[in-house]
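Below is one structure; the comments refer to it alone.
Values quoted throughout were computed directly from the atomic coordinates according to the rules given, and no laboratory measurement underlies them. Bear in mind that the values here come from a model prediction, so they are computed numbers and not experimental data. Heads up, the Cβs are rebuilt from the backbone with ideal geometry, glycines too, and the neighbour counts pull from every protein chain shown.
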Amino acid sequence: MNPFIEWTAAAVIVIAAFFLLVGAIGLVRLPDFYMRLHAPTKASTLGVGGMLIASMLVAAAQGRPGIAELLITLFVFVTAPVAANLMAQAALHLKLPSKAPVPPDAVPERSPD
């Protein structure tokens, strides 16, 4: 196999592993459900996407088209945000409290009528 493709795939895997690590640390360290939901849906989606892109590079170097990797990438990038949105809506419906501070200008003052 071409050394340039090997090094490129290795670099993409290292970058993807960094995103996966950040997502895992965020899942463990963040204080409440809403913040924990954000870390794996964003960072881990990029990490899995990077791993699959590296797999597509290696597959192309071996003469395979990499259609399976492309379909997996498509499904991950479509289903991860939808699943996160549904979990956030369920948490809002259950009135799950958040530990995030509310900025003072986020809620408008009510004017006395």
Specify the residue that is nearest to Phe75 (Cα to Cα); the eligible residues are those in segment 23-32 that are touching a residue at least 24 places away in the same chain (Cβ under 8 Å) and surrounded by fewer than 19 Cβ atoms within 10 Å (Cβ to Cβ).
Asp32
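Residues checked against (1) out of contact with any helix residue (DSSP H, G or I) (no Cβ under 8 Å at 6 or more places or on another chain); (2) within 28 Å of Met1 (Cβ to Cβ):
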| residue | (1), (2) |
| --- | --- |
| Gly26 | no, no |
| Pro40 | no, no |
| Ser55 | no, yes |
| Gly63 | yes, yes |
| Met87 | no, no |
| Val107 | yes, no |
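From the list Met35, Met56, Met51, Met1, pick out the single residue that is assigned to a helix (DSSP H, G or I), touching a residue at least 12 places away in the same chain (Cβ under 8 Å) and farther than 21 Å from Thr73 by Cα.
Exactly one residue qualifies, and that residue is Met35.
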When restricted to Ala84, Ala91, the only residue in contact with a Phe, Trp or Tyr (Cβ under 6 Å, 6 or more places away or on another chain) and either among the β-branched types (Val, Ile, Thr) or surrounded by 16 or more Cβ atoms within 10 Å (Cβ to Cβ) (or both) is Ala91
By residue number, the members of segment 4-32 that are more than 16 Å from Ala59 (Cβ to Cβ) and either polar (S, T, N, Q) or outside any helix (DSSP H, G or I) (or both) are Leu30, Pro31, Asp32
